[in-house]
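The values are calculated or read from the model by the stated rules, or taken from the named source; none is laboratory data. Since this is a predicted model, take the numbers as computed values, not measurements. Note that we place each Cβ from the backbone using ideal geometry, even for glycine, and neighbour counts take in every protein chain shown. Calculation scope for accessible area: heavy atoms of the full protein, side chains included, ligands and nucleic acids excluded. Shrake-Rupley method; radii C 1.70, N 1.55, O 1.52, S 1.80 Å.
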Amino acid sequence: GFWSNGSNSFVIDTVFLSNSSEYDPAVLTVNDEDGNSITSLQKFTYIKGQGPSSCQSFVVSGINLTADISIQASANFEITLDTTSTFSTKLTLPKSERTVAETKAYARMKSGLTSSFYSGYVSISSGSAQKSITFTGTIETPTGINDTYDLQPIVITTEYYSLIGQ
């Protein structure tokens, strides 16, 4: 109950139970296939001209959500929910009764990139809850006698000799 000395009145706008799950914070989880929490995926690699890289997977889920889960990949990387589907830079996982069940997503490094080291991330968010996974990968320059990508000769070593005699 509430008591007043009579000079001020009480006005109650909202009443809720303090142990109600309705007010629990949103929780996002990002795991590998074994259920271990992850923050990075590495070794996205391919030979220049032979991309994209192989796929790597991660599992996303959420509880107490107020919005759908949005997954956004940074430049040079792309994501999908099914490796036979089209890859894109953005996915949405719809919530059902404030929950998104464990959903496997796949990431890869885009094709058509130049030889270099690349880093990026995927941002996972729902309302104010946010997680991210960092990505790293390398596009390697092809090597070999039949390499058609680099038509300019490269001098590896130079040696000079003096010959004296008849």
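The residues packed around Glu78, meaning those with a beta-carbon under 11 Å from its beta-carbon, carry a net charge of +3 if Lys and Arg are +1 and Asp and Glu are -1. Exposed loop sites were defined as GluC sites (Glu not before Pro) in DSSP loop states (anything but H, G, I, E or B) carrying at most 13 other C-beta atoms within 10 Å; in the chain the longest segment without such a site runs 34-96. Put simply, the amide H of Ile69, placed in the peptide plane, has neighbours under 5 Å in Leu93, Lys95, leaving out anything fewer than 5 places away on its chain. Couplings for the range 159-166, taken from phi via the Karplus curve 6.51 cos²θ - 1.76 cosθ + 1.60 with θ = phi - 60°, read 10, 10, 10, 10, 10, 10, x, 9 Hz in order; Gly and Pro are left as x.
A simple rule links phi to the HN-Hα coupling: the Karplus curve 6.51 cos²θ - 1.76 cosθ + 1.60 with θ = phi - 60°, which for the range 117-123 gives 9, 10, 9, x, 7, 10, 9 Hz, with x for Gly and Pro.
Note on Lys90: lysines with a C-alpha under 20 Å away, same-chain residues under 8 apart excluded, are Lys104, Lys110, Lys131. Each residue of the range 34-49 is assigned a 3J(HN,Hα), and the resulting list reads 8, x, 8, 4, 10, 10, 8, 10, 10, 6, 6, 9, 7, 7, 3, x Hz, derived from the Karplus form 6.51 cos²θ - 1.76 cosθ + 1.60 (θ = phi - 60°), x at Gly and Pro. The region of the chain that goes longest without hitting one of the chymotrypsin sites (Phe, Trp or Tyr not before Pro) in a DSSP loop, each with at most 15 other Cβ atoms within 10 Å, is 17-148.
Scanning residues 5 or more positions from Val30 or on other chains, those with amide H under 5 Å from its amide H are Ile38, with H placed 1.01 Å from N in the peptide plane. Computed over protein heavy atoms with a 1.4 Å probe, the accessible surface of the chain works out to 71 Å² per residue.
Taking square-rooted eigenvalues a ≥ b ≥ c of the alpha carbon gyration tensor, is the range 68-140 rounded, prolate or oblate, where a/c under 1.5 means rounded and, failing that, a/b exceeding b/c means prolate?
prolate
Within the accessible area of the range 17-85, what % is carbon and sulfur when the probe is 1.4 Å and the other protein chains stay in place?
On the way: 1690 of 3750 Å².
Summing carbon and sulfur atoms, their accessible area is 45 percent of the total for the range 17-85.
Return the inverse of the average 1/r over all pairs of distinct C-alpha atoms in the range 37-163, which is the Kirkwood hydrodynamic radius, in Å to one decimal. Don't skip to the end; give the middle numbers.
Numbers: mean 1/r = 0.0594 Å⁻¹.
Taking every pair of different Cα atoms in the range 37-163, averaging 1/r and inverting gives 16.8 Å.
Note on Ile156 and Phe117: the extension gain reaches 11.7 nm, defined as 0.36 nm multiplied by sequence separation minus the Cα-Cα distance.
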